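Enquirer: One structure follows; several queries about it will come next.
Nothing in this text is a laboratory measurement; each read-out follows from the coordinates by a stated rule. Worth saying up front: this structure is predicted, and the values here are computed from it rather than measured. Reconstructed Cβ throughout: ideal geometry from the backbone, glycine too, with neighbour counts over all protein chains shown.
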Amino acid sequence: MPQFDPTTFASQLFWLAVTFVLLFIVVSRFAIPRLGEVLEQRQKLIADDLDRAHQLKAETEEAIRSYEKALAEARAKAHDVLRAAQDDIAKAADERNKAVNAALAEQIKQGEARIGKARDEALASVRDIAGGAAAAAVSRLAGLSPDEATVQAAVSGVMKESA
Amino acid sequence: MASPVEQFAVKPIIPVAHEGGALPFYAFTNSSAAMVAAVLVATVFFWLATRKRAVVPGRWQAVGEVLFDFIANMIRDNVGKEGMKYFPFVFTLFVFVFIGNMLGMLPYSFTFTSHIAVTAAMAVVIFLGVTIIGFARHGFHYLHMFFPHGAPLATAPILIPIELISYLSRPFSLSVRLFANMTVGHIMLKVLAGFVVSLGVVGGIVPFAVVSGITVLEFFIGALQAYVFTILTCIYLNDAINMH
């Protein structure tokens, strides 16, 4: 077998050393740094992206928190404003009710006074008319002309009875 | 028909003066040419793989990265972080043996890993290197390799010779494994291919099918032996660095 022919050993070993050292230089100076660099870069890129994603997520959560806080504040404020407005309206309505009630009471009182007066006047004129009518009836039926005082007394008596 | 071992003959490509005796060491032979070709193929491959250095790798770059990670993980898993010092050497070793085995599969090419001189030289360098690393790191304690902690003292007369023999046989097993695998595979291919020719068009179909299958198997064995050679180097390195 040619493998056991020692005449070729020197050449094989020499070229093995030369080519192996050459390949070692290519691998250690060229291949490994360049391949390592690209792998490292990718690792770094991925790590950076992940970091950014984490940061953005934190920012988003912060924004959501502040938004919710603002929303709650706005809600509370709206509630306060609503309550104040309701109070104001209720107060104004109360006052107006009171004023209107007072005005109405005044008008009712005035109206009642007027009615009372009108009734008194009406009653007075009823007495006059009754007196007149009684005097006229008496003069027609009996041919008498009673004086004013008698007629008045008679009318007063009847009105007291019917009252 | 040519002898099946004729393919292993080392012949000078550039005529060189040698009077029947040994070739001079500088003689450029078919073996030398295959080694130089392996270095060139590796260089072109690394150039293609690292030309763009893109974040999203192309085909060549993806293969280069897989190779890089493959060897790096092999060292990390078998040796640990401290073994990364020897990453360039282990990487070179794997690439050299792997491309040597693959180039040998080309018709009319030469398989330099099928020569005991080449595999033995690499194995001896690895053996000496690992032994030196072991003594440099652990000093006299490295001799504990031959007598593990906890073993009863009475077993020393048996244990120490066994451990010593197994340690000293490493370069032999390492070199013979690769040399024998490559040699036998190529002889088998040659013999079976000879049957295809001698049995003619009709009868040759069966050996042709077998040769086709064996060729695929040989590619697999070539890759596997490169892996085995490299991982055994890692295991020896682990013994030297961490002891066991």
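Enquirer: By how many degrees, 0 to 90 and rounded to 10, does the Cα axis of helix B:156-168 deviate from the longest principal axis of chain B?
Expert: 40 degrees
Enquirer: On a 28 Å Cα-Cα criterion, which of the cross-link pairs A:Lys91/A:Lys117; A:Lys69/A:Lys91; A:Lys44/B:Lys85; B:Lys11/B:Lys85 come out too long? Don't jump to the answer; show the numbers that get you there.
Expert: On the way: A:Lys91/A:Lys117 39 Å; A:Lys69/A:Lys91 33 Å; A:Lys44/B:Lys85 22 Å; B:Lys11/B:Lys85 38 Å.
From A:Lys91/A:Lys117; A:Lys69/A:Lys91; A:Lys44/B:Lys85; B:Lys11/B:Lys85, over 28 Å: A:Lys91/A:Lys117; A:Lys69/A:Lys91; B:Lys11/B:Lys85.
Enquirer: Please rank B:Tyr108, A:Tyr67, B:Tyr227, B:Tyr86, fewest neighbouring Cβ atoms within 10 Å first, as an exposure proxy.
Expert: So the ranking, lowest neighbour count to highest, is B:Tyr108, A:Tyr67, B:Tyr227, B:Tyr86.
Enquirer: As a test of the formula, what do you get for the protein assembly as shown when each DSSP H run with n ≥ 4 contributes -39,500 (n - 2.57) and the sum is divided by the residue count, at 222 nm and rounded to the nearest 500 deg cm²/dmol?
Expert: -27500 deg cm²/dmol
Enquirer: Quick one: order A:Ile89, B:Ile133 by neighbouring beta-carbon count within 10 Å, fewest to most.
Expert: So the ranking, lowest neighbour count to highest, is A:Ile89, B:Ile133.
Enquirer: Relative to the first principal axis of the alpha-carbon coordinates of chain A, what is the inclination of helix A:9-25, with its axis defined by its Cα atoms, in degrees from 0 to 90 and to the nearest 10?
Expert: The answer is roughly 20 degrees.
Enquirer: Let me ask something else about it. Going by Cα centres, the stretch B:215-235 and the stretch B:1-75 are how many Å apart?
Expert: Using only Cα atoms, the two centres lie 16 Å from each other.
Enquirer: Mean-square fluctuation check for chain A, GNM, Cα pairs under 10 Å: which of A:Ala47, A:Ala149, A:Ala78 is largest?
Expert: Between A:Ala47, A:Ala149, A:Ala78, it is A:Ala149 that shows the largest mean-square fluctuation.
Enquirer: For B:Thr29, list long-range residues whose amide hydrogen, built 1.01 Å from N in the peptide plane, is under 5 Å from its own amide hydrogen.
Expert: Excluding prolines and chain starts, which carry no amide H, the hits are B:Ile13.
Enquirer: What residue among B:Val202, B:Val39, B:Val124 has the largest mean-square fluctuation in a Gaussian network model of chain B, using Cα springs under 10 Å?
Expert: The residue that fluctuates most here is B:Val202.
Enquirer: Name the residue, out of B:Ala27, B:Ala117, B:Ala54, whose mean-square fluctuation peaks in a Gaussian network model built on chain B with Cα pairs under 10 Å.
Expert: B:Ala54
Enquirer: Where the only charges are on Cβ atoms (+1 Lys, Arg; -1 Asp, Glu), what is the dipole of chain B about its Cα centre, to the nearest 20 debye?
Expert: That gives chain B a dipole magnitude of about 500 debye.
Enquirer: Which Cα, out of B:Ala17, A:Ala76, A:Ser145, lies furthest along the positive dipole direction of the protein assembly as shown (beta carbon charges, K/R +1, D/E -1)?
Expert: B:Ala17
Enquirer: Could you tell me whether the stretch B:36-189 comes out rounded, prolate or oblate from its Cα gyration tensor? Rule is a ≥ b ≥ c as square roots of the eigenvalues, rounded for a/c under 1.5, then prolate if a/b exceeds b/c, otherwise oblate.
Expert: Here the stretch B:36-189 falls in the oblate category.
Enquirer: How large is ³J(HN,Hα) for each residue in the stretch B:32-41, as worked out from phi by the Karplus curve 6.51 cos²θ - 1.76 cosθ + 1.60 (θ = phi - 60°), to whole Hz, x for Gly and Pro?
Expert: Working through the residues one at a time gives 4, 4, 5, 5, 5, 4, 4, 5, 5, 4 Hz.
Enquirer: Once phi is turned into θ = phi - 60°, what whole-Hz ³J(HN,Hα) does the Karplus curve with 6.51, -1.76 and 1.60 give for every residue of the stretch B:146-152, x standing for Gly and Pro?
Expert: 8, 8, x, 4, x, 6, x
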